[in-house]
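Colleague: Quick one: the structure is below, questions incoming.
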Amino acid sequence: MWNPVVILQSIVSGILMGGIFALFGVGFSLTWGVMKVINIAHAAFGILAAYVAYWGLTVFGIDPILSLAVSLPLLFCAGVLIHRFLVQPITRSRDVVVASMVLTFGLAIVLENLMLLAWSPDERLITTGYSSTSIFLGDIIIRISNLLAFVLSMVGIGAIYLFLYRTRTGKAVRATWQDPEGAALQGINLRRVSMITFGMAIASSGAGGVAMAYMYSFNPPAHNLWLIFLFLVVIVGGVGSILGSAVAGLIIGVIIGLSGAFFPMQWVNVLLFGLLMGILLIKPEGLFRK
Amino acid sequence: MNSTLKRTTFFTLLLALALLPLIQPPTYFLSFIFKVFLYVILSASWNLIGGFAGYLSFGHVAFFGIGVYVSAMLFQQLAVSPFLGAIPAGLFAGLVAWIIGYPCLRLRGPYFAVVTLCFAFIADLVVKNWSFLGGSEGIHLKLVQMDIQFSRSLFYEIFLCLAGVTVYTLRKIQTSKFGLGLASIREDEEVAQTLCIPTARLKTRAFVLSAFFPGVAGGIYAYYISYVHPDIVFDINISILIVLMALFGGGRSWEGPVIGAVSLSIVNEFLSIFIRPEFARIIYGTMFMVVIIFMPDGIVPFLKRNAKPRSGVIDSSMAGGS
């Protein structure tokens, strides 16, 4: 049990898993931070993208990563439309956080059941030609598909980071996150900024969902479980922080990996929820928020 | 409608509901109304902390589940009668609420929502993995054999009483000093504190009280289902449903959760009878979106606002103004 190979192996697979949580959580964290909208349907969009990728693979034989080229722009547009017609009307309500949770909960139910109608509740797993091959680093085994999903996640997070810190629009998004009123006074169009943020968040959820689908089997109701990981990432990393989400994702991945090696699986979840509760009670602003 | 007429209508309705089992309605019908009462109890008591004080607890099903397990264990280990066991069940749920409320109620908004959600998950997982409590196999309660129609009627009457007590308590609290204190916490907690309102004490009291009723309901529900399993009584969907029912009806008043629970239960039941469950759920989900977009404060305030201009002086002035 205390074999160093086992420990290293679980750390490595934890890191691979954590990278995906990080990409998945970034968009969730951004909409929460920038717009005060908690998007309960975030993970459902990830599942949707995973289904599109699965479909592309089984029907047309397109590699899941390539299918992202189609599904990401579509998800971005879907995000913009949802923002325009669903999220925008509730931003004037007294308590945006509560209203957005109820709204997106409804949206998640609708999405989940549309997917159930389209793809049935059977569990799916994305298996490509390279799924079964692995790399060996000494005694540690790394599956190619997991590595690919990890690289995809890192590229995704890198792209979002560059967008936020190297472009004018990204700067506007960050300004809105820090102080919406101040940003509006500087002539930033809040509506446009939140529209872009929302579209980007939904698109990043799609990429995260495809990356998740490489590692875990999924079916429409699985988004409820994935949502818990999103909350974990955001609360550990601090709301709205990109680097925080990235680090939090990795930490959570390693904790899950390590505890999976030492505890029976059902207690791992107790540990995770206990961790989340503990962090909320001791440091609710997240571990990495400045 | 003046208050005497209102009160007469209310009591007539209550009496009609109480006498309903006498005409021997179908058992299915009784069970359905029993479920409606359960949701009225849960969402009305949730409304104390969630609607009045604005602290969205997403873990309320845990108190219900704790109540179920306390009375089930009391029955199994000490052979305490189901209906007596409900009281300690409620008290224990209140005690748990007091213990976790002390640290958790310092958190606000979404953080409180997430921490209570985690609490519900932990409660579920602990019960599921603890063999003393039956683990994931659940507990079978060996009950006295009763005629099904009679037992359903009995449970129906008990839950009618409990729902009545819960709603009455909620209504009394709404207009009391305690209720106004909670409203001030919801509107602006800092200002409430500067006005010397003991916010921490009021929140804890509301939280404990809002856990007590689900605990009692759970204590009785254990005997109703007679097979207790964590997946049934700690189902997180119940938690979410009671929040949505209260918000759907409108969390600021006592009528809100009652109307929300009754209307959503009926809609849910009808939809799932007539169409495929997936379509039913899609309509259900769409309904939440429509309500939150067009009536963000819930149905009751929306109806009140739209009903007002039709009578009296306000009508002419508003018509003249527009």
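Colleague: Against the definition (away from chain A (no Cβ under 14 Å), within 30 Å of A:LEU271 (Cα to Cα) and either assigned to a helix (DSSP H, G or I) or of a type outside the set (Lys, Arg) (or both)), how does B:PHE132 come out, yes or no?
Modeller: For B:PHE132, the condition - away from chain A (no Cβ under 14 Å), within 30 Å of A:LEU271 (Cα to Cα) and either assigned to a helix (DSSP H, G or I) or of a type outside the set (Lys, Arg) (or both) - is met.
Colleague: With respect to A:ILE228, determine if the residue is more than 10 Å from chain B (Cβ to nearest Cβ), in a helix (DSSP H, G or I) and of a type in the set (A, V, I, L, M, F, W, C).
Modeller: No, not satisfied.
Colleague: Scanning for something among the polar types (S, T, N, Q) and under 28 Å from B:ALA72 (Cβ atoms), does segment B:251-262 turn up at least one residue?
Modeller: no
Colleague: Looking at segment A:53-82, which of its residues are touching a residue at least 40 places away in the same chain (Cβ under 8 Å), of a type in the set (Val, Ile, Thr) and in contact with a helix residue (DSSP H, G or I) (Cβ under 6 Å, 6 or more places away or on another chain)?
Modeller: If the condition is that a residue be touching a residue at least 40 places away in the same chain (Cβ under 8 Å), of a type in the set (Val, Ile, Thr) and in contact with a helix residue (DSSP H, G or I) (Cβ under 6 Å, 6 or more places away or on another chain), then A:VAL80 is the only one that fits.
Colleague: Can you say whether A:GLY260 is modelled with pLDDT under 85 and surrounded by fewer than 19 Cβ atoms within 10 Å (Cβ to Cβ), as far as the supplied structure shows?
Modeller: yes
Colleague: Which one of these does B:GLY54 not meet: (1) within 19 Å of A:GLY278 (Cα to Cα); (2) surrounded by fewer than 24 Cβ atoms within 10 Å (Cβ to Cβ); (3) within 9 Å of another protein chain (Cβ to nearest Cβ)?
Modeller: The one condition B:GLY54 does not meet is (1).
Colleague: On to the next question. Taking into account only those residues within segment A:56-65 that are of a type outside the set (D, E, K, R) and surrounded by 13 or more Cβ atoms within 10 Å (Cβ to Cβ), which is farthest from A:SER131 (Cα to Cα)?
Modeller: A:GLY56
Colleague: Could you run through segment B:213-236 and say how many residues are touching a Phe, Trp or Tyr at 6+ places or on another chain (Cβ under 8 Å) and more than 14 Å from chain A (Cβ to nearest Cβ)?
Modeller: 11
Colleague: Please go through (1) in a helix (DSSP H, G or I); (2) more than 12 Å from every other protein chain (Cβ to nearest Cβ) for B:GLN145 and return the number of the only condition it doesn't satisfy.
Modeller: Tallying (1) in a helix (DSSP H, G or I); (2) more than 12 Å from every other protein chain (Cβ to nearest Cβ), B:GLN145 fails exactly one: (1).
Colleague: Also, I was wondering about something else. For segment B:218-261, give me each residue that is of a type in the set (Val, Ile, Thr), over 18 Å from B:SER45 (Cβ atoms) and part of a helix (DSSP H, G or I).
Modeller: B:ILE225, B:ILE232
Colleague: On to the next question. Just wondering, is there one or more residues in segment A:171-191 that are part of a helix (DSSP H, G or I), in contact (Cβ under 8 Å) with a residue 12 or more places away in the chain and charged (D, E, K, R)?
Modeller: Yes, segment A:171-191 contains at least one residue that is part of a helix (DSSP H, G or I), in contact (Cβ under 8 Å) with a residue 12 or more places away in the chain and charged (D, E, K, R).
Colleague: Related question: Give segment A:246-272 a look and list any residue that's within 10 Å of another protein chain (Cβ to nearest Cβ) and within 18 Å of the chain's Cα centre (by Cα), or say none.
Modeller: Across segment A:246-272, the qualifying residue is only A:LEU272.
Colleague: Further, regarding this structure: Just checking, which of A:ILE47, A:ILE82 is in a helix (DSSP H, G or I), buried (at least 16 other Cβ atoms within 10 Å of the Cβ) and touching a His at 6+ places or on another chain (Cβ under 8 Å)?
Modeller: One residue alone meets the criteria, A:ILE47.
Colleague: Starting from residues that are surrounded by 22 or more Cβ atoms within 10 Å (Cβ to Cβ) and within 7 Å of another protein chain (Cβ to nearest Cβ), keep the ones in segment B:105-118 and report whichever is farthest from A:VAL268 (Cα to Cα).
Modeller: Applying the filter and picking the extreme gives B:PRO110.
Colleague: Anything in segment B:207-237 that is surrounded by fewer than 21 Cβ atoms within 10 Å (Cβ to Cβ), closer than 26 Å to B:MET146 by Cβ and aliphatic (A, V, I, L, M)? List them, or say none.
Modeller: Scanning segment B:207-237 gives B:ILE225, B:ILE232.
Colleague: Let me ask something else. Looking at (1) out of contact with any Gly (no Cβ under 6 Å at 6 or more places or on another chain); (2) part of a helix (DSSP H, G or I), which is the only condition A:VAL234 fails?
Modeller: Looking at each condition in turn, A:VAL234 falls short on (1).
Colleague: A further question follows. Among the residues of segment A:100-118, are any farther than 21 Å from B:PHE248 by Cβ, out of contact with any Asp or Glu (no Cβ under 6 Å at 6 or more places or on another chain), without any contact (Cβ under 8 Å) to a residue 60 or more places away in the chain and within 12 Å of another protein chain (Cβ to nearest Cβ)?
Modeller: yes
Colleague: For segment B:307-320, indicate whether the set of residues that are basic (Lys, Arg) and modelled with pLDDT under 80 is non-empty.
Modeller: The answer is yes; a qualifying residue exists.
Colleague: Further question on the same structure: Please go through (1) modelled with pLDDT under 95; (2) more than 15 Å from the chain's Cα centre (by Cα); (3) in a helix (DSSP H, G or I); (4) surrounded by fewer than 24 Cβ atoms within 10 Å (Cβ to Cβ) for B:VAL80 and return the number of the only condition it doesn't satisfy.
Modeller: Tallying (1) modelled with pLDDT under 95; (2) more than 15 Å from the chain's Cα centre (by Cα); (3) in a helix (DSSP H, G or I); (4) surrounded by fewer than 24 Cβ atoms within 10 Å (Cβ to Cβ), B:VAL80 fails exactly one: (3).
Colleague: Moving on to the next point. Please tell me if B:THR166 is more than 14 Å from chain A (Cβ to nearest Cβ), modelled with pLDDT of 90 or more and in contact with a Ser or Thr (Cβ under 6 Å, 6 or more places away or on another chain).
Modeller: Yes.
Colleague: Please count how many residues of segment A:80-99 are of a type in the set (Val, Ile, Thr), within 7 Å of another protein chain (Cβ to nearest Cβ) and out of contact with any Lys or Arg (no Cβ under 7 Å at 6 or more places or on another chain).
Modeller: 2
Colleague: Give me the residue from segment B:237-268 that is touching a helix residue (DSSP H, G or I) at 6+ places or on another chain (Cβ under 6 Å) and over 22 Å from B:PHE302 (Cα atoms) and, out of that set, nearest to the other protein chains (Cβ to nearest Cβ).
Modeller: B:SER239
Colleague: Going through segment A:87-126 one residue at a time, which ones are part of a helix (DSSP H, G or I), more than 19 Å from the chain's Cα centre (by Cα) and not hydrophobic (A, V, I, L, M, F, W, C)?
Modeller: Listed by number, the residues that qualify are A:GLN88, A:PRO89, A:GLY106, A:ASN113.
Colleague: Is it the case that A:SER131 is of a type in the set (S, T, N, Q), away from chain B (no Cβ under 14 Å), in a helix (DSSP H, G or I) and surrounded by 14 or more Cβ atoms within 10 Å (Cβ to Cβ)?
Modeller: In short, no.
Colleague: Can you tell me which condition B:SER43 does not meet? The list is (1) touching a Ser or Thr at 6+ places or on another chain (Cβ under 8 Å); (2) within 23 Å of B:ASP297 (Cα to Cα), and all the others hold.
Modeller: Of (1) touching a Ser or Thr at 6+ places or on another chain (Cβ under 8 Å); (2) within 23 Å of B:ASP297 (Cα to Cα), only one is false for B:SER43: (1).
Colleague: Only one of these conditions is not met by A:PHE150: (1) surrounded by fewer than 17 Cβ atoms within 10 Å (Cβ to Cβ); (2) part of a helix (DSSP H, G or I); (3) away from chain B (no Cβ under 14 Å). Which number is it?
Modeller: (1)
The values are calculated or read from the model by the stated rules, or taken from the named source; none is laboratory data. It should be emphasised that the depicted structure is a prediction, and the values quoted were computed from it without experimental measurement. Don't worry about glycine lacking a Cβ; one is built from the backbone with ideal geometry, like all the others, and counts go over all protein chains shown.
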